[in-house]
Amino acid sequence: MLRVYGETLSSRLFLGTAQYPSPSVMAEAVRASGIDLVTVSLRRETAGGRAGGRFWELINGLGVRVLPNTAGCHSVKEAVTTAQMARELFGTDWIKLEVIGHHDTLQPDVFGLVEAARILSADGFKVFPYTTEDLVVGDRLLDAGCQVLMPWCAPIGSARGPASPDALSAYRAHFADIPLVVDAGLGRPSHAAAVMEMGFDAVLLNTAVAKAGNPVAMAAAFAGAVEAGRAAFQAQPLAPRDMAVPSTPVIGKAVFE
Ligand SMILES: CC(=O)[C@@H](O)[C@H](O)COP(=O)(O)O
């Protein structure tokens with residue numbers, strides 16, 4: 001069980017709801033994965049002309065918690081306004097905060113992110129900030145009122161998997177008591193298992209499932225990988241060694257002469 005902002009989530013996999021071949025495939029993928037939280041891009045869906053229509057009904061009908069997000073927002077003002085609209089629409093004060101700073105990499109604008117997190121936290125929002133693995137920025141986000149951090153693993157949509165595993169390990173060690181969700185850039189279930197084995201609390205992904213040949217089967221595969229990675233972390237994996245260590249005892253071996 002994962003505790004975030006005083007609430008309990010049974011699944012440690014969070015899925016995005018964009019880019020699926022159809023809304024019904026998205027709904028089936030959510031069901032197949034057994035998750036209890038989806039993130040929804042208010043801006044993207046509104047731009048697509050589906051706001052207020054069947055898409056919202058479908059999302060609300062999934063029976064899972066909704067984490068609206070500010071994907072596509074490039075300024076503090078835009079992100080704050082989008083969050084406020086999302087609160088009205090979904091009746092939740094949870095918000096996944098994205099303030100994009102760079103067109104090509106979709107890298108977060110960490111300065112705008114901290115400012116928007118401060119404004120939204122003061123306004124009663126429970127902020128889930130999409131950030132880099134920079135420790136100082138993480139500290140500033142906590143100062144701003146965030147109780148969870150969401151470091152990226154690789155650029156959004158890249159499917160590259162953990163680009164800087166050492167930086168992610170340092171992040172986990174530095175924020176030992178803070179719920180940490182790896183967000184963005186995961187491409188395969190093995191990537192999700194790898195970061196869960198490092199001790200991250202959950203993963204959030206979208207593209208790797210939505211754009212898979214079979215999104216429903218891939219959602220189930222990611223769910224299994226997240227559980228396996230978590231179980232491995234709890235079982236305390238052996239640290240890698242530089243030298244060989246015989247796994248077969250040498251004492252008492254038979255001598256043939
Ligand atoms: C859906 C969402 O919130 C994305 O902005 C998120 O960061 C997921 O990234 P991937 O699509 O790379 O999984």
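Key figures
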| quantity | calculated |
| --- | --- |
| Which of Arg54, Arg3 is most accessible, then next, and so on - probe 1.4 Å | Arg54, Arg3 |
| Full-extension gain in nm, Glu88 to Asp242, via 0.36 nm per residue minus C-alpha separation | 49.9 nm |
| His102-Lys211 pseudo-label distance in nm [points 7 Å out on the Cα-to-Cβ vector] | 1.8 nm |
| Accessible surface of Met198 - all protein chains present, 1.4 Å probe, nearest 10 Å² | 50 Å² |
| Built amide H within the under 5 Å cut-off of Ser41, gap 5+ | Thr17, Asn69 |
| Carbon plus sulfur fraction of accessible area for the chain, probe 1.4 Å, in percent | 53 percent |
| Segment Phe111-Ala163, length gained on full extension (0.36 nm per residue, minus Cα span) | 16.5 nm |
| Gyration tensor verdict on the stretch 2-235 (Cα atoms; rounded if a/c is under 1.5, prolate if a/b is larger than b/c, oblate otherwise) | rounded |
| Per residue solvent-accessible surface (Å²) - the stretch 55-122, probe of 1.4 Å | 45 Å² |
| Extended-chain gain in nm, criterion 0.36 nm per residue less alpha-carbon gap, Ala235 and Met1 | 82.6 nm |
| Rounded to the nearest 10 Å², the accessible area of Val245 at probe 1.4 Å | 80 Å² |
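The values are calculated or read from the model by the stated rules, or taken from the named source; none is laboratory data. Not measured: the values here are computed from a predicted model. No Cβ is skipped: glycine too gets one built from the backbone with ideal geometry, and neighbour counts run over all protein chains shown. Just the protein is used for accessible areas: all its heavy atoms, side chains included, with ligands, DNA and RNA removed. Shrake-Rupley method; radii C 1.70, N 1.55, O 1.52, S 1.80 Å.
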